[in-house]
Amino acid sequence: MLNNIDWRGMLFLDVETVPQQPDYSGLDELRKELWSKKIKATAEREGKTPEELYDRAGIYAEFGKIVCISVAYFADGLFNEISFYGHDERTLLEDFISFLSKPKADANGEFFISSMCAHNGKEFDYPYIARRCLINSLPIPPLLDNAGKKPWEVNLIDTMELWKFGDYKSYTSLELLVTCFGIPTPKDKMEGKDVWKVYWLEDNVEKIKEYCEKDVRAVAGLFLKFKYPDKQITIDQILSNNKTDKGEKQQ
């Protein structure tokens, strides 16, 4: 599987987002009205008020903001991990854009990030980053600017889409898929629905960053299972080798 996908230059990615305000009362009257319209169908279906549903505002780019983008890529057999996170969304987006524009290096020479891979990325991560870039008056990274591109020119991989094999019946969570493949779950200490609490109530961005990095490792591990189904290549092995190599270099 995935024989036509070159993962040199592939960036594994995950994004964590939160509502722009700690609670519904922090919105001005216009924003309250717009949120009510946005969430109306869900409110009617679940019998809840827009105020009760505000903890979900983070999943909408118009009402949420990014607090962490964790990424990783392979070079020289090592799994290189980087996180852009904090309270200042514009700054972390600027740092992320700058990272994408700079060449990386391995034994075969320099290369640029040429593709991305995320779970449910086409539905959430990729468009969310692009939308928040525009709202922050920042250029959309070329990889995410797909206007006018032909389908085969779009280098955005989605592990959930790969798993569908053309099936459109349902959403398959990352937790379920990694469990099926024996990959350690990233949801051992917190889940996506907890991120807004950890951010606004606990003020713990470091915890969110650690959770986001676990998701990235899970996505990369899932990709390896898809690409090499008959081989026992795991992210844990690569991370272990990475630590060993770093230790040897430090001695």
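The values are calculated or read from the model by the stated rules, or taken from the named source; none is laboratory data. This one's a predicted model, so the numbers in the text were calculated from it and none came from an experiment. In this analysis, Cβ positions are derived from the backbone assuming ideal geometry, glycine residues included, and neighbour counts consider all displayed protein chains.
One table, with the values for the structure above:
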{"quantity": "Residue in region 3-11 that is within 24 Å of the chain's Cα centre (by Cα), under 30 Å from A75 (Cα atoms), surrounded by 13 or more Cβ atoms within 10 Å (Cβ to Cβ) and of a type in the set (D, E) present", "calculated": "no"}
{"quantity": "G166 vs. criteria of a type outside the set (D, E), at pLDDT 80 or above and not in a helix (DSSP H, G or I)", "calculated": "yes"}
{"quantity": "Residues of region 37-50 satisfying the condition of being surrounded by 16 or more Cβ atoms within 10 Å (Cβ to Cβ) and not β-branched (V, I, T)", "calculated": "K38, A43, P50"}
{"quantity": "Complete set of residues in region 78-118 that are surrounded by 16 or more Cβ atoms within 10 Å (Cβ to Cβ) and aromatic (F, W, Y)", "calculated": "F79, F84, Y85, F96, F99"}
{"quantity": "Residue identified as among the polar types (S, T, N, Q) and closer than 23 Å to M10 by Cα among N136, N155", "calculated": "N155"}
{"quantity": "Those residues of region 157-170 which are loosely packed, with under 14 Cβ neighbours inside 10 Å and either in contact with a helix residue (DSSP H, G or I) (Cβ under 7 Å, 6 or more places away or on another chain) or of a type in the set (S, T, N, Q) (or both), in sequence order", "calculated": "S170"}
{"quantity": "Residue tally, condition outside any helix (DSSP H, G or I), without any contact (Cβ under 8 Å) to a residue 40 or more places away in the chain and acidic (D, E), over region 137-160", "calculated": "1"}
{"quantity": "Residue identified as under 20 Å from L2 (Cβ atoms), in contact with a strand residue (DSSP E or B) (Cβ under 9 Å, 6 or more places away or on another chain) and polar (S, T, N, Q) among S83, S114", "calculated": "S114"}
{"quantity": "Residue check, L30 surrounded by 15 or more Cβ atoms within 10 Å (Cβ to Cβ) and at pLDDT 95 or above", "calculated": "no"}
{"quantity": "Within region 23-129, strands (runs of 3 or more DSSP E) holding 3 or more residues that are more than 18 Å from W196 (Cβ to Cβ) and touching a residue at least 60 places away in the same chain (Cβ under 8 Å)", "calculated": "64-75, 78-85, 115-118"}
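Quick grid of which residues meet (1) at pLDDT below 90; (2) part of a helix (DSSP H, G or I); (3) more than 18 Å from I66 (Cβ to Cβ); (4) not hydroxyl-bearing (S, T, Y):
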{"residue": "V178", "(1), (2), (3), (4)": "no, yes, yes, yes"}
{"residue": "I183", "(1), (2), (3), (4)": "yes, no, yes, yes"}
{"residue": "M190", "(1), (2), (3), (4)": "yes, no, no, yes"}
{"residue": "E210", "(1), (2), (3), (4)": "no, yes, no, yes"}
{"residue": "D215", "(1), (2), (3), (4)": "no, yes, no, yes"}
{"residue": "Q232", "(1), (2), (3), (4)": "yes, no, yes, yes"}
{"residue": "Q237", "(1), (2), (3), (4)": "yes, yes, yes, yes"}
{"residue": "T244", "(1), (2), (3), (4)": "yes, yes, yes, no"}
{"residue": "K249", "(1), (2), (3), (4)": "yes, yes, yes, yes"}
